1. Could you put 393, 161 in order of accessible surface area, largest first, with the 1.4 Å probe and the full protein assembly present?
2. Mind checking the angle between helix 375-414 and the chain's longest principal axis? C-alpha axes, 0 to 90 degrees, to the nearest 10.
3. Measure nothing fancy, just the Cα-based angle from helix 152-191's long axis to the longest principal axis of the chain, in degrees from 0 to 90, nearest 10.
4. How would you order 176-186, 259-269 from highest to lowest mean count of nearby Cβ atoms within 10 Å?
5. Quick one: plug the Kirkwood hydrodynamic radius of the stretch 277-328 (C-alpha pairs) into Stokes-Einstein at 25 °C, 0.890 mPa s, and report D in µm²/s.
6. Is the stretch 336-430 best put as rounded, prolate or oblate by its Cα gyration tensor, with a ≥ b ≥ c the root eigenvalues, rounded for a/c under 1.5, and otherwise prolate when a/b is larger than b/c, oblate when not?
7. Can you pull a Stokes-Einstein diffusion coefficient for the stretch 233-290 at 4 °C (1.567 mPa s), Rh from Kirkwood over Cα pairs, as a whole number of µm²/s?
8. How large is log10 of I(q)/I(0) for the chain at q = 0.07 Å⁻¹ when the intensity is taken from the Debye formula with one equal scatterer per alpha-carbon?
Amino acid sequence: MFEVVTVGELLSTDRGISVGVMYPGSHDEQGIPLIRAADISEGHISETPTLKISKNVHHEYRRTALEGGECLLTLVGTPGIAAIVPHSMAGWNVARAVAVLRLKEQKNARFLRYAFSSPDVRNTIRNWCNTTVQPTLNLGDIKKIPISWPPIETRETITRILSGLDDKIDLNRRTNETLEAMARALFRDWFVDFGPTRAKMAGEAPYLAPELWELFPDRLDDEGKPEGWKVCNFDELVSINPKEPLSRNTIAPYLSMSELPTQGCLTEAPIPRPFSGGSKFRNEDTLFARITPCLENGKTALAQNLENNIVGWGSTEFHVLRGKGNVPFSWVYLMARDNEFRANAIRGMTGTSGRQRVASEVLATYKTVTPSGNQIWKAFDHACNPLFEKIIINGAESRTLAQLRDLLLPKFMSGEISIRDAEKMVEDAA
């Protein structure tokens, strides 16, 4: 067993621990990015926070202005999620529901982040939370949390091994962001901006392969769409909440709303549960949150990980979208991520405050365009399908690496596994 210390013993005396902005004010597009609890996942901070504060507010809360290298810890919602601030985020600030921890020796921050993820520490945090309204961790209690603290050489080796796994997971995440951005750019160029037709009208050189270039009309019609294409309702191209056979109490893969991402298309692997009612889906269906604030936050996913394409099920609070005929699954997902489509859905929400939902009829009547014939649909599928296949492969690899990291972590913290054995497990996984 290793020595046990408290978090308070590791903190610096100057601004060792503090919480951030209580009154952020309205969004300031030219302001300072604010990291909220929702922006922090295990070991990762979103690079595109949804709120920016004015420079005056930032100055008022300069105590929590970030320099890079600090350990952040969520206090509300799911308390105890930790991440290290990359130096690229120096100058940013944090919200009230996030604690900033500055250590006597900043090089220990990454090991502390892993310690917060260990089962023993997670259990301590869970037991110490105030749950009157929602789970909340008090700032003063953080200092009392006991941490298993190996000798420095062991800490550094453990950090190196686990960081190596996290670095590969992060590389996969960044690669997937790039792949999806490529697909979204292609979607907008072909179906929103009508780039090939506009380029033809302007006499520009072709930027697609000749066989693709020929598929696009030479001019826009009086409605501003490619000649021969037609305006249609969304539900002419997409089935909304298609019927699927799934009997009550049948064990089937389940996804909750919490497992839908706010960015990207991947979910965690579904968990088998007896069907008790809810949305039903198959591989390559798009899952689209219909309730506030999940819709506004961007919760959308592409169903995958269903063996033999069996029927999965999930929350009643997301719509299931599936392309009809030759409409590719990638087009449906990318439309669900399109800003204009989402803005229309948000405008159409109804219901009491805090429980507003968008009805399927709002999605069904959204106006879009469809090309004449099926050749462009097939070409788009041929271009995008490999991108999403690679995204799914990268996601599966990251889940495997995360499972290995989570297996090694408690064994490291208890001294149960040797460094040599752990390195061998990582080598085999790679």
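The values are calculated or read from the model by the stated rules, or taken from the named source; none is laboratory data. Note that the structure is a prediction, hence the values are computed from the model and not measured. Every residue, glycine among them, receives a Cβ derived from its backbone with ideal geometry; neighbour counts consider all protein chains shown. With ligands, DNA and RNA removed, areas are computed over all heavy atoms of the protein, side chains included. Shrake-Rupley method; radii C 1.70, N 1.55, O 1.52, S 1.80 Å.
1. Working: 393 105, 161 10 Å².
Listed by decreasing accessible area, they come as 393, 161.
2. 10 degrees
3. Here the helix axis deviates by roughly 20 degrees.
4. Working: 176-186: 17.0, 259-269: 19.2.
Going from most to least packed, we get 259-269, 176-186.
5. On the way: Rh = 11.6 Å.
The estimated diffusion coefficient comes to 212 µm²/s.
6. Values: a/c = 6.77, a/b = 1.83, b/c = 3.69.
It comes out oblate by the Cα gyration axes.
7. Numbers: Rh = 13.0 Å.
Roughly 100 µm²/s, to the nearest whole number.
8. Debye curve over Cα of the chain, log10 I(q)/I(0) at q = 0.07 Å⁻¹: -0.42.
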